[in-house]
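Engineer: After the structure tokens below, expect a handful of questions from me.
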Amino acid sequence: MIRIETPLTDETVERLRAGDRVLISGVIYTARDAAHKRMVEALQRGEPPPFDLKGQIIYYVGPTPPKPGQVIGSAGPTTAIRMDKYVEPLLKLGLKGMIGKGYRSPQVKELLVKYKAVYFAAVGGVAVLLAKAIKSSEVIAYEDLGTEAIRRLIVEDFPVIVANDIYGGDIFEEGRRRFARIDL
């Protein structure tokens, strides 16, 4: 298990390899489809993003409202490939990590190598457990999007797996290769 803290540096990202189990502590930001679209459209108009992307991680999640006494409701990952068309402008501004569920397009995997960034997979189906690693949650932009608003989360030992690294490593491709070698 590798422990890392945000914001991420090139040195931290260079240490990570596809398949590594990682615990993240520090600040991460949430954004899903609608927030990504709005951020990229703002960038295209020459407006700054709602937070400094340098070294940051975006978690693809739309958490449910918290119950009394909770910091956040269920906070499971959403399918990452839906954000692929928005990735490059954010990487250009220094985004270093993304957390989601499922594989990424070949284009995004190339961008991860080009911009020295990493894609982490969070396990779907364990949203309540993931929420326990979230110590605080604050809406910082696009409040009108409800659960899809951008939030600043403080996390402690948030569990993820490196799915795609800066060396072209891909746990999904590796998993398919391993399964193909099994005699059934």
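Engineer: Somewhere in region 141-154, is a residue surrounded by fewer than 22 Cβ atoms within 10 Å (Cβ to Cβ), touching a Pro at 6+ places or on another chain (Cβ under 6 Å) and either farther than 19 Å from TYR29 by Cα or hydrophobic (A, V, I, L, M, F, W, C) (or both)?
Structural biologist: Looking through region 141-154, at least one residue is surrounded by fewer than 22 Cβ atoms within 10 Å (Cβ to Cβ), touching a Pro at 6+ places or on another chain (Cβ under 6 Å) and either farther than 19 Å from TYR29 by Cα or hydrophobic (A, V, I, L, M, F, W, C) (or both).
Engineer: Okay, moving on. List, please: which pairs have Cβ atoms under 7 Å, are six or more places apart or on different chains, and start with a residue in region 88-108 that is in contact (Cβ under 8 Å) with a residue 40 or more places away in the chain and at positive phi and end with one that is in a loop (DSSP other than H, G, I, E, B) and of a type in the set (Gly, Ala, Ser)?
Structural biologist: Hits for this filter: GLY94/GLY55.
Engineer: For region 38-82, which residues satisfy the criterion of being of a type in the set (Val, Ile, Thr) and modelled with pLDDT under 90?
Structural biologist: Selection gives THR64 alone.
Engineer: Within region 94-131, count every residue that is within 9 Å of the chain's Cα centre (by Cα) and of a type in the set (A, V, I, L, M).
Structural biologist: Total satisfying the criteria: 5.
Engineer: Scan region 11-34 and tell me whether some residue there is of a type in the set (D, E, K, R), within 21 Å of TYR103 (Cβ to Cβ) and assigned to a helix (DSSP H, G or I).
Structural biologist: So far as region 11-34 goes, yes, one or more of its residues are of a type in the set (D, E, K, R), within 21 Å of TYR103 (Cβ to Cβ) and assigned to a helix (DSSP H, G or I).
Engineer: Could you tell me which of the residues LEU145, LEU91, LEU95 is within 21 Å of GLN44 (Cβ to Cβ), in a helix (DSSP H, G or I), of a type in the set (A, V, I, L, M) and in contact with a Leu (Cβ under 8 Å, 6 or more places away or on another chain)?
Structural biologist: None of the other options fit; the residue is LEU91.
Engineer: For PRO63, work out the one condition from (1) in a loop (DSSP other than H, G, I, E, B); (2) surrounded by fewer than 22 Cβ atoms within 10 Å (Cβ to Cβ) it doesn't fulfil.
Structural biologist: For PRO63, the failing item is (2).
Engineer: Going through region 131-142 one residue at a time, which ones are under 15 Å from GLY62 (Cβ atoms) and in a loop (DSSP other than H, G, I, E, B)?
Structural biologist: Residue satisfying the conditions is TYR142 alone.
Engineer: If you don't mind, another one. Quickly run through region 1-10 and pick out the residues that are assigned to a strand (DSSP E or B) and either surrounded by 15 or more Cβ atoms within 10 Å (Cβ to Cβ) or in contact (Cβ under 8 Å) with a residue 60 or more places away in the chain (or both).
Structural biologist: Correct list: ARG3, ILE4.
The values are calculated or read from the model by the stated rules, or taken from the named source; none is laboratory data. Just so you know, these numbers come straight off a predicted model, no measurement behind them. Positions of Cβ are backbone-derived with ideal geometry, glycine not excepted, and every protein chain shown enters the neighbour counts.
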